[in-house]
Amino acid sequence: MASALLVGFYNTEGAVEAGWKYLIVCTVGIAFALFGTIVLYLAAVQAGMNPAAALDWVSLMDAVPRMGFDPHLVKLAFVFVIVGYGTKIGFVPMHSWLPDAHAEAPTPISALLSAVLLNCAMYAVMRYEVIVSHATGPAFPHTLLLIFGLLSMVVAGLLILVQRNLKRLLAYSSVEHMGIIAIGLGLGGPLGLFGALLHTFNHSVAKSLLFFSAGNVRHNFGTLRMDSISGMSRTLPQTSAALVVGSLAIVGLPPFGLFISEFAILSEAFGQARFLVVGLFLVMLSVVFGGFAFHLLRLLGGEPAGVPSSPKLIPSEYAVMGIAAFCLLVFGARIPHLFGVFLQEAIAVMR
């Protein structure tokens with residue numbers, strides 16, 4: 001409820017519509033997720049679990065290998081869960097609220113929606129996927145994740161090419177990257193899970209940097225329409241540098257962290273001989289790279305359009321953008337030991 005009000009914060013016609021759409025669509029989605037939870041609870045109780053423990057994740061993980069959960073009920077539960085939480089994740093075709101909400105919300109809220117909300121919903125799907133894989137085998141949940149992941153990546157990648165609003169461009173990029181994470185989970189295996197978990201962090205950092213840069217563009221030019229902005233490299237050099245770094249990171253180029261996570265997912269797909277997945281993955285990465293390069297060159301090049309109100313970043317903006325850029329570079333060069341331990345323990349649980 002609070003985030004819906006924040007999406008409509010500016011109280012314009014577009015912002016109110018975006019907040020209303022976000023509220024209605026995601027409420028329906030979370031109702032589906034709740035129904036999936038109830039169905040999984042029913043399957044656990046029918047298998048002989050204590051009703052008081054049938055909603056406890058640790059208890060479910062302990063009971064699934066020993067008790068015969070009804071596979072039809074468990075599969076039905078996962079369908080509702082992936083559609084429900086997939087709505088909040090932004091999987092295609094349940095993504096209709098996401099571009100509007102990201103484009104109309106204040107910039108800090110857009111960053112939170114992309115970096116936090118989507119990942120929290122994906123985290124819920126991960127927890128269900130582990131239980132379902134143990135109860136029915138991995139084929140069913142992995143197939144659903146691959147379908148939603150590839151569909152999201154393809155549709156979002158093509159829509160990136162035709163965007164005119166900078167924040168809508170970043171919103172569709174979020175849909176694409178949630179698809180990449182779903183593909184990593186759907187492939188499974190050590191490299192697929194490693195890439196998916198690492199990608200959730202890398203995407204959050206890169207998208208925060210990009211949304212903060214977009215917010216500074218809006219503050220200076222009063223618009224986010226990319227056809228109304230040009231010559232940014234001369235009028236906003238510091239913001240332009242942050243936008244370039246974030247864009248290079250988000251399209252998966254080295255030496256940034258997203259290159260490592262995407263390379264791990266691709267390596268898992270090659271190892272499993274999933275050549276259709278590999279082909280679509282590489283084609284859409286190329287399409288997204290081309291789309292970002294096209295839009296970025298139009299923003300940075302040409303004759304300057306308009307005079308920015310505050311061309312230099314203030315110290316707090318330097319700090320936030322600098323931390324994000326530093327994390328992207330560090331995770332591209334070497335994953336910190338403690339973070340690597342967390343990843344390995346999470347992978348061990350999921351496998």
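The values are calculated or read from the model by the stated rules, or taken from the named source; none is laboratory data. Bear in mind that the values here come from a model prediction, so they are computed numbers and not experimental data. All Cβ positions, even for glycine, are placed from backbone atoms using ideal geometry, and neighbour counts span all protein chains on display.
Residue pairs whose Cβ atoms lie under 9 Å apart, sitting 6 or more positions apart in sequence or on different chains, and linking a residue in region 150-165 that is surrounded by fewer than 19 Cβ atoms within 10 Å (Cβ to Cβ) and part of a helix (DSSP H, G or I) to a partner that is of a type in the set (Lys, Arg) and at pLDDT below 95, do not occur here. Among the residues examined, Ile181 does not qualify as more than 14 Å from the chain's Cα centre (by Cα), at pLDDT 95 or above and over 11 Å from Pro99 (Cβ atoms).
Residues of region 94-114 that are farther than 21 Å from Ser152 by Cβ and of a type outside the set (D, E, K, R): Pro106, Thr107, Pro108, Ile109. Could you tell me how many of the residues in region 37-68 are crowded, with 16+ Cβ neighbours inside 10 Å, touching a helix residue (DSSP H, G or I) at 6+ places or on another chain (Cβ under 6 Å) and either over 20 Å from Gly84 (Cβ atoms) or of a type in the set (Ser, Thr, Tyr) (or both)? Counting residues in region 37-68 that are crowded, with 16+ Cβ neighbours inside 10 Å, touching a helix residue (DSSP H, G or I) at 6+ places or on another chain (Cβ under 6 Å) and either over 20 Å from Gly84 (Cβ atoms) or of a type in the set (Ser, Thr, Tyr) (or both) gives 2.
Looking for something at pLDDT 90 or above and either among the acidic types (Asp, Glu) or touching an Asp or Glu at 6+ places or on another chain (Cβ under 9 Å) (or both) - is there at least one such residue anywhere in region 252-263? Yes, that holds for at least one residue. Right, Met94: assigned to a helix (DSSP H, G or I) and closer than 23 Å to His199 by Cα or not? When the stated conditions are applied, Met94 does not pass them.
Here is the figure for region 334-351: residues that are without any contact (Cβ under 8 Å) to a residue 24 or more places away in the chain and charged (D, E, K, R) total 2.
The residue of region 104-149 that is farthest from the chain's Cα centre (by Cα), among those that are assigned to a loop (DSSP other than H, G, I, E, B) and free of Cβ contacts under 8 Å to residues at least 60 places away in the same chain, is Gly137. For region 237-281, residues that are surrounded by 22 or more Cβ atoms within 10 Å (Cβ to Cβ), under 18 Å from the mean Cα position of the chain (by Cα) and closer than 30 Å to His219 by Cα total 9.
The residue that is farthest from Leu193 (Cα to Cα), among those in region 324-338 that are of a type outside the set (D, E, K, R) and loosely packed, with under 13 Cβ neighbours inside 10 Å, is Phe326.
With respect to Ala31, determine if the residue is surrounded by 15 or more Cβ atoms within 10 Å (Cβ to Cβ) and not β-branched (Val, Ile, Thr). No: the conditions fail for Ala31. Applying the criterion of being crowded, with 23+ Cβ neighbours inside 10 Å and out of contact with any Leu (no Cβ under 7 Å at 6 or more places or on another chain) to the residues of region 85-94, the residue that is modelled with the lowest pLDDT is Met94.
Restricting the search to helices (runs of 4 or more DSSP H) fully inside region 209-326 and requiring at least 2 residues that are farther than 23 Å from Val154 by Cβ and not small (Gly, Ala, Ser) gives 232-235, 237-250, 275-300.
Here Leu313 passes the criteria (1) surrounded by fewer than 17 Cβ atoms within 10 Å (Cβ to Cβ); (2) farther than 30 Å from Phe263 by Cα except the one numbered (1). For region 89-139, a residue qualifies if it is of a type in the set (Val, Ile, Thr) and within 29 Å of Leu40 (Cβ to Cβ), and the qualifying residues are Ile89, Val92, Val116, Val125, Val130, Ile131, Val132, Thr136.
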